[in-house]
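*Asks:* Shown below is the structure under consideration.
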Amino acid sequence: MARKKRTTPQSKTCEMTYMEFPVTEFYANPNTLDNLHPYSKKADNFRRRLKGTSVGTRELRTMFKNLLTKTV
């Protein structure tokens, strides 16, 4: 039986914004199965800028989820 060729995904869904981005929009992370960070670069940079404020990842996810449900 022939081996199946592994295909690399062309896009991935950001776990914070729930939006799909090309894999080039994610930082590398060797600790995950797909070797990509779970958040997109833009979402991760936004989250890092808010470090030190009372806004956490959970609140950001809720905010993005509400934005998507209201605009769709």
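*Asks:* Might you check whether a residue that is open to solvent by less than 90 Å² (accessible area, probe 1.4 Å), among the aromatic types (Phe, Trp, Tyr) and either assigned to a strand (DSSP E or B) or more than 25 Å from residue 10 (Cα to Cα) (or both) occurs anywhere in region 32-44?
*Replies:* Checked against the condition, which is being open to solvent by less than 90 Å² (accessible area, probe 1.4 Å), among the aromatic types (Phe, Trp, Tyr) and either assigned to a strand (DSSP E or B) or more than 25 Å from residue 10 (Cα to Cα) (or both), region 32-44 yields at least one hit.
*Asks:* Moving to a separate point now. Which residues, counting only those in region 19-31, are assigned to a loop (DSSP other than H, G, I, E, B) and in contact with a Ser or Thr (Cβ under 8 Å, 6 or more places away or on another chain)? Explain how you work it out, then say what you get.
*Replies:* Filtering region 19-31 down to residues assigned to a loop (DSSP other than H, G, I, E, B) leaves 19, 29-31.
Passing the criteria: only 19.
The values are calculated or read from the model by the stated rules, or taken from the named source; none is laboratory data. Predicted model only: the values in this text are computed from it and were never measured. A quick note on method: Cβ atoms are made from the backbone with ideal geometry, for glycine too, and the neighbour counts reach across all protein chains shown. Only protein heavy atoms, including side chains, enter the accessible area calculation; ligands, DNA and RNA are left aside. Shrake-Rupley method; radii C 1.70, N 1.55, O 1.52, S 1.80 Å.
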